[in-house]
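For reference, the structure is listed below as structure tokens.
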Amino acid sequence: MVLAELGRGIAGALARMKEAIVVDERALADCLNEISRALLQADVRFETVRDIRASIKRAVNLDALADGTDKRRVIQKAVFGEICRMLDPGKPSFTPSKGKPSVVMFVGLQGSGKTTTCTKYADYHRRRGFKPALVCADTFRAGAFDQLKQNATKAKIPFYGSYTESDPVKIAVEGVDKFRKEKCDLIIVDTSGRHKQEAALLEEMRQVSEATKPDLVIFVMDGSIGQAAFDQAQAFKQSASVGAVIITKMDGHAKGGGALSAVSATKSPVIFIGTGEHIPDFVAFDAKPFVKRLLG
Ligand code: GDP
């Protein structure tokens, strides 16, 4: 994962700052420049980098530090805290509870890995004692229902969809009702992705969300999309209230910066990452240990 390169970049900046003879404004500026460069190279958008830089600077405030304070440590802590905040804005997302019915809606562009991720998410919870079910509310893409059906069958998860009905809202409502009656405690609604953030797609997301009243909307994003992530995430956030992010394809050449931008656009934490095409290739995500490892 190329995110590791970002980690090395930041760790390198901190190491050089530690070696500086005096830690003054100049040394701090050099360190921040180097961190900013690493972030930009990892495809984090400029505005996000600027915000991160300003936050670290605010958190450090060299002038206000008492004599004898370990400035290197203060800087290191500020950088660690800020990188963690980028991946986890601090507002925990809704987590489903066993035996209590909840509806989780998945949104994202076509090709992001949404349908695969729905199954991974269902399977992850099934292994932990949940009774999940999948609803295919993607009536736009021919073959979407077949794909979900195939995945669901492989993972032994009940599913609902239609080859003939063209109204996604109707299918979503029917599926959610059916599985509520069957006492499923985690009803997952897969939605259409199409391939552009066209207004119609976002309007459809709004309608499906209004009709099914999800407890959580998860935005699924291809980890390799880079700079475009922020606008994409923000557009979805505006039509359905995104509460969590899942980043897919982190096994590939994703630089990871897109993930950081998506979090800052949605103010929602990354809860899982996809690490391959298969159902078990799915890892729960926790920012702090991740950043600790990332920064070495
Ligand atoms: P959707 O159009 O958003 O529903 O996307 P799909 O679920 O059909 O996934 C698109 C492609 O990405 C498929 O070939 C998936 O196997 C692949 N894919 C999904 N998640 C991952 C992942 O975490 N890693 C890798 N390498 N491929 C993935």
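Backbone phi angles across region 40-51, fed through the Karplus curve with coefficients 6.51, -1.76 and 1.60 (θ = phi - 60°), yield HN-Hα couplings of 5, 5, 7, 6, 6, 6, 3, 4, 5, 4, 4, 5 Hz in residue order; Gly and Pro are listed as x. Normalised Debye scattering of region 161-260 at q = 0.17, 0.21 Å⁻¹ gives log10 I(q)/I(0) of -0.84, -1.11, counting only Cα atoms as equal scatterers and leaving out solvent.
Scaling against 2.2 N^0.38 Å puts the C-alpha radius of gyration of region 72-137 at 1.59. Could you compute the FRET efficiency for residue 149 and residue 199, with r as their C-beta to C-beta distance and R0 at 30 Å, rounded to 0.05? Plugging the Cβ-Cβ distance into 1/(1 + (r/R0)^6) gives 0.55. Taking the Cα atoms of region 201-296, the ratio Rg/Rh between the radius of gyration and the Kirkwood radius comes to 0.99. Measuring how big the chain is from its alpha-carbon positions, Rg and Dmax come out at 21.1, 73 Å. Sparse packing (at most 16 other Cβ atoms within 10 Å of the Cβ) combined with a DSSP loop state is found for the following GluC sites (Glu not before Pro) in region 102-183: 165, 182. Sorted from longest to shortest, the spans of the Cα atoms of region 160-219 along the three principal axes equal 36, 28, 16 Å. Beta bridges per DSSP, both residues in the chain: antiparallel share near 10 percent. Working from label points 7 Å from Cα in the Cα-to-Cβ sense, the residue 46 to residue 156 distance is 5.4 nm.
Semi-axes of the equivalent ellipsoid for region 100-164, computed as √(5λ) from the eigenvalues of its C-alpha gyration tensor and ordered from largest down, come to 19, 12, 11 Å. Diffusion of region 26-104 by Stokes-Einstein, at 10 °C in a medium of 1.306 mPa s and with Rh set to the Kirkwood radius over alpha-carbon pairs, works out to 107 µm²/s. Looking at region 178-248, the trypsin sites (Lys or Arg not before Pro) that sit in a DSSP loop and have at most 14 other Cβ atoms within 10 Å of their own Cβ are 183, 196. The label-point distance for residue 15 and residue 278, in a model that sets each label 7 Å from Cα toward Cβ, rounds to 3.5 nm.
Each reported figure results from applying straightforward, stated rules to the coordinates on display, with no laboratory input. The model shown is predicted, which means the values in this text are computed figures rather than measured ones. In this analysis, Cβ positions are derived from the backbone assuming ideal geometry, glycine residues included, and neighbour counts consider all displayed protein chains.
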